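The values are calculated or read from the model by the stated rules, or taken from the named source; none is laboratory data. Computed from a predicted structure; not experimentally measured. All Cβ positions, even for glycine, are placed from backbone atoms using ideal geometry, and neighbour counts span all protein chains on display. When the accessible area is computed, the model is the full protein with side chains, heavy atoms only, and any ligands, DNA or RNA have been set aside. Shrake-Rupley method; radii C 1.70, N 1.55, O 1.52, S 1.80 Å.
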Amino acid sequence: MRAPTVHSLSLYERPGYRTLLGRIRNNARLYIRKQLELPRQEIAEIVRANLRAAMWFGVAFAFALGTLIALTVLVIAVIAIWLPLWAAALVVLVLFIALAGLTGYIGYKKLDLRGPTRSINSLKETMRWAKARLLGRSAS
């Protein structure tokens, strides 16, 4: 068996500027694609974090609908002039308003509104690095 020979590329077999520029272009495209993907992922994380707050807003909406039903019952009771039914409808109305306010407040406190800060910081860092490279200074 023969031992494999070490093959060194000669000057003419090395990649030229066209090949190197193609690699740079492909790497730049990949980098831009990754930079565009980062905000999407971060926004998806923010939405997942706010699902609990959305649940509380849903509960508050259900109690608000109950309030409208109770108001309807109250109006019917006042027209019919049945005092005990009217009093019961008024108690339900006040109770539902209190529950809607409480659940709405809890949902508001659980809400977390912010922008994609990691993406913004990454973009700023990239811009600083690119400016430093273009101006000939070190990236640090």
task: Could you run through segment 102-127 and say how many residues are surrounded by 11 or more Cβ atoms within 10 Å (Cβ to Cβ), part of a helix (DSSP H, G or I) and free of Cβ contacts under 8 Å to residues at least 12 places away in the same chain?
output: 4
Pairs, first within 19 Å of SER119 (Cα to Cα) in segment 21-46, second among the aliphatic types (A, V, I, L, M), C-beta under 8 Å, six or more apart: GLN35/LEU123
task: Would you please name the residue that is farthest from GLY101 (Cα to Cα), looking only at residues in segment 23-59 that are touching a Pro at 6+ places or on another chain (Cβ under 9 Å) and open to solvent by less than 60 Å² (accessible area, probe 1.4 Å)?
output: LEU38
